[in-house]
Amino acid sequence: MVVTRFAPSPTGYLHIGGLRTALLSYLWAKNRGGKFVLRIEDTDKARNSEEATQAILKAFEWLGLEADGEITYQSQRDEIYAKYIKQLLDEGKAYKCYMSKEELTQLRETQMAAKERTMYDGRYHDFTGTPPEGVAPVIRIKSPKTGEILVHDGVKGTISFQAEDILDDFVIARADGAPTYNFVVAIDDHLMGINEVIRGDDHLSNTPKQIVVYEALGFDIPAFYHVPMIHNSNGKKLSKRDGATDVMDYKEMGYTPQALLNFLVRLGWSHGDQEIFSFEEMIELFNPKDINKSASIYNTEKLDWLNSHYIKNTSNAELAELLTPYGVVLTSHDKKEILLDALKERAKTLKELAALVTEIVTTPSEYEAKAVKKAFKDAAFEVLEAYSEKLKANEPHLPTDYHALMEEVVSEMEIGFGKIGMPLRVALLGKMGGPNIDVIMAVVGKEETLLRIAKAIEKNS
């Protein structure tokens, strides 16, 4: 059974790259009928944030990525890590290093002056003397100094690391007893049954050290898939300007969970020419072996296109619910079907859709100068007053009813349709543009339409 995990550090928001890693791990576990677990790597007590942890959980809830079983918090597992540190010390696979900070600094300065790679020189590797006073030791693992460490990666192939080039006896526990990242990751992955690890290739340099820990403790090594980074259109690392922002900001901007997940799964992975994937299709079709070896490019236009697709194909009842957080309450509006059918083709995001709805259901307080100059000329007010009289004498309900009354005015006054359409649009919205005016009138109703016409004549005549 495949067991994958997502293991964020709660030191900041969940960004788009982290979310993609979580999604791919989730999809692969579900594809294989396995488990996807969530582990919060909160051993860095100085930088951890409970707010960041809650933000991660909130993002998972919004996106529907439900972890299997209880969430694991590394901060609650100190006794477990201490047990394995003691085991390695007892077996002679790790040792106490009494090198002071001053000595370590001096060593690095000497190596840099000699243009050598800075690394610990192993001076306490076989130490049997009397420990120096006043120095709390760190614990270092005995790493191989020769040979190669092979990482069998499902995306990049087999990668060879020369031990002498990348490894010293790295620290597995600090002087205060706190275990280090590469040590606890290997232990937790083993104890949690993680047998396939999908993560960003910025973690690739950590993998040889983790393999050293696995082998020292006699643990099986999981399968690795290191996913290339997401770049902007210039091939550079994503910045906040490009989209490397808090995942929950995408909700605030009006993106749907379906669009965001569909967008992310296509960053570096494909299935033929297919662009639109349901969540069920993602699970069915995804395989990490099909991930591209090169970096993927973040494309806002692609995300907008996907989002507009999902908005267009969402039921009006569901759309009304989705618009509520943006200050638009349509759930009990008797014309929401007409309104949303007219507007959802025009919006790329829920936020845009909410603005379009608000624009229609709110009486305009201002009128664009250019629109007024273009629409309210010649006999425009006379035409509007004639249409008002038609409204008062009838009980229109549907867009077709309002349109029929407009046609009557056009016929009786022997004018072109633009002579009523343009001034009526500006009276209704305060500007040019927008959906069909008969739809607007059907949505706001007869009385509101009459009110807006009267107000437009009063303010602009």
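Accessible area per residue for the chain in Å², computed with a 1.4 Å probe and the full protein assembly in place, what is it? Per residue, the chain has an accessible area of 49 Å². Stretched out fully, how many nm does the piece from residue 202 to residue 125 gain, at 0.36 nm a residue minus the Cα gap? Using 0.36 nm per residue and subtracting the Cα-Cα distance, I get 24.8 nm. Taking only the alpha carbons of the range 304-461, we obtain Rg and Dmax values of 16.1, 47 Å in that order. Mind checking which of 137, 158, 225 is farthest towards the positive end of the range 78-227's charge dipole, using Cβ charges of +1 (Lys, Arg) and -1 (Asp, Glu) about the Cα centre? Result: 137, furthest along the dipole toward the positive end. Holding the Cα-Cα limit at 19 Å, pick out from 30/348; 251/431; 30/156; 251/289; 237/293 the pairs that are longer than that. Where the Cα-Cα span goes over 19 Å, the pairs concerned are 30/348; 251/431; 30/156; 251/289. A probe of 1.4 angstrom, applied to the heavy atoms of all protein chains, finds residue 174 with accessible area near 110 square angstrom.
Using r as the Cβ-Cβ distance of residue 293 and residue 332, and R0 as 45 Å, what FRET efficiency do you calculate, to the nearest 0.05? About 0.30, to the nearest 0.05.
When only the Cβ of Lys, Arg, Asp and Glu is charged (+1, +1, -1, -1), the dipole of the chain relative to its Cα centre reaches about 920 debye.
Site pair residue 394 and residue 324 shows an inter-label distance of 3.7 nm when each label is modelled 7 Å from Cα along Cα→Cβ. How much of residue 202 can a 1.4 Å solvent probe reach, expressed as accessible area in Å² and rounded to 10? Surface accessible to solvent at residue 202 totals approximately 100 Å².
In this structure residue 2 has an accessible area near 20 Å², from a 1.4 Å probe over the protein heavy atoms. Placing +1 on the Cβ of each Lys and Arg and -1 on the Cβ of each Asp and Glu in the chain, which of 204, 428, 99 has its Cα farthest towards the positive end of the resulting dipole? Of the options given, the answer is 99. Adding -39500 (n - 2.57) for every DSSP H run of four residues or longer, then dividing by how many residues the chain holds, sets the calculated 222 nm ellipticity at -14000 deg cm²/dmol. Taking the protein heavy atoms of the chain in the context of the full set of protein chains, the accessible area attributed to carbon and sulfur is 49 percent at 1.4 Å. Mind pulling the angle between the C-alpha long axis of helix 446-460 and the longest principal axis of the chain? Nearest 10 degrees, somewhere in 0 to 90. Helix 446-460 sits at roughly 80 degrees to that axis.
In a DSSP loop and with at most 16 other Cβ atoms within 10 Å, the GluC sites (Glu not before Pro) in the range 373-415 are 414. Loop-located GluC sites (Glu not before Pro) in the range 1-80 (DSSP state other than H, G, I, E, B) with a sparse environment of at most 13 neighbouring Cβ atoms within 10 Å: 66, 70.
The values are calculated or read from the model by the stated rules, or taken from the named source; none is laboratory data. What you are looking at is a predicted structure, and each value in this text was computed from that prediction instead of being measured. Because the Cβ atoms are built from the backbone with ideal geometry, glycine has one as well, and the counts that use them run over all protein chains shown. Side chains are part of the model used for accessible areas, which takes the heavy atoms of the whole protein and leaves out ligands, DNA and RNA. Shrake-Rupley method; radii C 1.70, N 1.55, O 1.52, S 1.80 Å.
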